[in-house]
Structures are given as structure tokens and as C-alpha cells.
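Quick notes on the structure that follows.
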Amino acid sequence: MEHIYLGREPILDSNSSLKAYEILYNESTKASRHTSAAIIDAILNKFGTKRLIGKRRAFVKVDEKFLMHDLIFSVPKEFFIYSLVSSIEIDEKILERVEQLHKKGYLISIDDTIITEEFFKKYANVFSLVSFVKLKLYASKEVKKEWIQALKQYNIKIVAVGLDTDDEYQEAIELGCDLFQGYFFAQPKILENSTYEPSQTAILNLYNLLISDAEIDKITLAFEENHEITLQLLQFINSGAFHFRNRISSIGQILTLMGKIPLSQWLMLMIYSKSLSKSSEISPLMIMIKHRTELMEKILMALKPSASKHLLGEAYFVGVLSLIDVVFGVELEDILSDMNISQDVEDAILKNEGLLGEIFTLVQAIEIFDVNYIMRFQEKYTLGDNLLENIILESIESANEFESPTRD
């Protein structure tokens, strides 16, 4: 194989906590295109499960060829949920294999489907053996609810797929779906005449102090006057993401050890750490932003190995500020106008212009797994073999490590 491009899409529960991923893939060689064995082999042997999915399970499509190969039993069952693609015909040999996998403790899913009468006829004999059905919500609400309740009689969990908006997510909840797949959580909920809350205004003021020429004593005082922000930041710094010899106990220490710009970057990340998720875990939005910032910096370094710290800082801020409207519920243009950021950063976020804007467009393409754009970018800048693949994987791995201190 020449190149395998891998991506992953988050799957959340009704508390907006991250529960699993779907692994997305595309191979550049036609001989092995879309084969389950190739992708699972790549995850296990080339990329590694820990690097790609961390402690989560991953839905991965399986075709008939891989399903019927005895290699399937050599894959550790705690890593994957095998998702049966629609091209598989449920005959006796397939049914027997699914039964074998079920008895050995493997989790089985029916891949993205629209439920019809034909669907129920086709899978009638395997409903008792599958744990998930990945459902496209295209039918009328009344029909969808009836179908979902029928599937739940088999203790099947319903994964609503292709959710791009909060309205679609809310409908899926009302219908009784259990898990939700897509980037709906990254869509801002902006109300007319909405304004910043006091705590949000304080964060922006702190941010502007940090990236200005304000004296350290003034910055320290501003943090100390915002007790909740200070406590959250100290907890965050001591979480394991940093590796200081001694525990950090004051803002003054952080400023001395880290400097203003790194602290302002982490201040922005802290905003995301408290957003969306109703559980104690880091929110999926936070993980997404961490992935974006890693990609922005690493891709810039690949294009400009001698990039200055200032330019790298701007690349970071493009990533970290790109979804700030989701947290504040205010138009992105309004937020950026209140922040002391460069025109290059603003143009990159709002217009996808300039080098940073082009990199940001690539980052967004990576998220939605637009392989054609990824390949065009790689060709335009004549990036070496596997360089972009490795950058994507390293960024995913970094996001996994960033999340891990909050988990058991």
C-alpha cells in the first residue's frame, strides 16, 4: 500500500460525553481499496490502537471477505465494534460467523442504514446478536420512533449518524436514540441580541492583558480577582499536561515558568474544557480544539521549518479561537473584534485567507475526511511520503494524551 489516510469521527451519548469513534479511511492503491483487513491491519500494526483511539472503542466497517476470514478472531475484541456493511447478504454462513463472534464476546453493529421493511426482513435473524444499529434518520418522525422501539426490544443501542446540527441532535434524542455521531456539538447556538456573560467578559479581559504589554503584577492581580478562573487554571496546569518539578500554586509561578503567550493559549483551552459536556470528562469540543491546534502548528512547521515563534503562536490561535463562538453563543466576528489578535489570524478564521487560512482549510478537511482536498494539498506543497499522514496521527495521539489525565 502507498498511503492510507485515516480519520475518526466522535460518537457521543445524551450527556454529550465521548463514548466511541468511527474510524474513517481511504487507501490510495486500487488493489486493496476499502478492504476491512487492510484498515484493521493498519490500525493494529502501522498506527496502533492506543495512538488512534486511546481508551475508546472504534466502529470499523467490515466486509464479507474480512468477516469470513479467520483473521477476524485474532483481533483483540476490546478495541473494535465490527460494523456490517450493507453489501453483506445474511445467508447461513454469515449468520454462523456472527453467532461465533457474538459467543466470543465481540460487539457487532449494523452499519449506516435507513430502516425499511426490507431492512427488518434482511436482518431478522441477527437482531439478537448485534449490539448496535447505526441509523440514518430520513423517514418521518412517527415511523422512525416505531422502528427504533422495535429494535430496542432486542436490547440494541441506536446510533444516530450524520448529525450536523443541534436540531438534528435534539430530534434524535426525542426519538430515543442512545448514541449520536457527527459534529453537531461544534455548531454555535447564537441568539439574537446575545451578549457576553460576566465570566466570559472576564476571560476576554484576561486574555487581552496576557497578549499585551501589561505588567506581570497587573496580570496577576486580574487573575486573583477572578477566583473561579484562577482555581480552574491551577487545576488544569497541575493535571499532568505539564511536567514541572514542583506543583504550581500561584499565577505568578505560571507567568514566570511559562510566559504570557503560552498562558494565554491555555486560558483559551480552559474555556473549552468547561463547555458542553455534562460529565466530569473533558468535552468533545475541547478534544477537537486540541486536535486543531496541534494540526495548525505541525502543518505550519512542515511547510516552514524555520517558522518564528510569533507565526507558530498565530497558527495556534487560529485553531483555538475557531470555535470560540460555540462557547460564548455570540457571532464569531463580534468576539474577534473584542480580542487583540492580528489581522492574519482574523482573516484565516473568518475568510480562510493567507497561509494560515489555507492550513485551517486543510484542518477542516481532515475533520470531515475530505481525502481529495488532503491529497491536493499534499501534492501542491510536495510534502514527502507519509508526512501528512504522520502529522495527522501525531495530532490525534496528542489529543488522546491530553484527555487521559481526566480518565480512570
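The values are calculated or read from the model by the stated rules, or taken from the named source; none is laboratory data. Only a predicted model underlies this, so the values are computations on that prediction, with no experimental measurement involved. All Cβ positions, even for glycine, are placed from backbone atoms using ideal geometry, and neighbour counts span all protein chains on display.
Worth pointing out:
- Ala348 vs. criteria crowded, with 20+ Cβ neighbours inside 10 Å and within 16 Å of the chain's Cα centre (by Cα): no
- Residue within region 153-161 that is in contact (Cβ under 8 Å) with a residue 40 or more places away in the chain, surrounded by 13 or more Cβ atoms within 10 Å (Cβ to Cβ) and not basic (Lys, Arg) present: yes
- Among residues of region 89-135, those that are touching a strand residue (DSSP E or B) at 6+ places or on another chain (Cβ under 9 Å) and either surrounded by fewer than 13 Cβ atoms within 10 Å (Cβ to Cβ) or not assigned by TED's automatic domain parsing to the domain that holds Gln170 (or both), counted: 0
Residues checked against (1) outside any helix (DSSP H, G or I); (2) within 19 Å of Gly354 (Cα to Cα); (3) not assigned by TED's automatic domain parsing to the domain that holds Leu388:
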| site | (1), (2), (3) |
| --- | --- |
| Glu297 | no, yes, no |
| Pro305 | yes, yes, no |
| Leu312 | no, yes, no |
| Val320 | no, yes, no |
| Val327 | no, no, no |
| Val330 | yes, no, no |
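- Any pair with Cβ under 9 angstrom, 6 or more apart, that starts in region 306-331 at a residue that is surrounded by fewer than 21 Cβ atoms within 10 Å (Cβ to Cβ) and of a type outside the set (Phe, Trp, Tyr) and ends at one that is at pLDDT 90 or above and part of a loop (DSSP other than H, G, I, E, B): Leu311/Lys304
- Residue match in region 376-384 (condition: within 23 Å of Asn26 (Cβ to Cβ) and in contact (Cβ under 8 Å) with a residue 24 or more places away in the chain): yes
- Checked against the criteria, Ser36 counts as crowded, with 17+ Cβ neighbours inside 10 Å, within 27 Å of Gly162 (Cβ to Cβ), modelled with pLDDT under 90 and in the same structural domain as Ser131 (by TED's automatic domain parsing).
- Given (1) within 21 Å of Leu206 (Cβ to Cβ); (2) touching a residue at least 40 places away in the same chain (Cβ under 8 Å), number of the condition Lys298 does not satisfy: (1)
- Residue tally, condition of a type in the set (Gly, Ala, Ser) and in a helix (DSSP H, G or I), over region 332-345: 1
- Long-range neighbours under 6 Å by Cβ, at least six apart or interchain, first residue within 18 Å of Gln364 (Cβ to Cβ) within region 8-27, second among the β-branched types (Val, Ile, Thr) and in a strand (DSSP E or B): Arg8/Ile23
Listed here are the residues, each with its yes/no results for (1) in contact with a His (Cβ under 8 Å, 6 or more places away or on another chain); (2) of a type in the set (Val, Ile, Thr); (3) modelled with pLDDT of 95 or more.
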{"site": "Phe317", "(1), (2), (3)": "no, no, no"}
{"site": "Leu321", "(1), (2), (3)": "no, no, no"}
{"site": "Val326", "(1), (2), (3)": "no, yes, no"}
{"site": "Asp334", "(1), (2), (3)": "no, no, no"}
{"site": "Leu356", "(1), (2), (3)": "no, no, yes"}
{"site": "Ile368", "(1), (2), (3)": "no, yes, no"}
{"site": "Gly384", "(1), (2), (3)": "no, no, no"}
{"site": "Ser404", "(1), (2), (3)": "no, no, no"}
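- Test: residue in region 49-57 that is farther than 25 Å from Ala160 by Cβ, assigned by TED's automatic domain parsing to the domain that holds Glu142 and buried (at least 16 other Cβ atoms within 10 Å of the Cβ): yes
- Among the residues making up region 36-84, those that are in a loop (DSSP other than H, G, I, E, B) and farther than 13 Å from Tyr21 by Cα are Gly48, Asp63, Met68, His69, Val75, Pro76, Lys77, Glu78.
- Among the residues making up region 336-375, those that are free of Cβ contacts under 8 Å to residues at least 24 places away in the same chain and hydroxyl-bearing (Ser, Thr, Tyr) are Ser337, Thr361, Tyr373.
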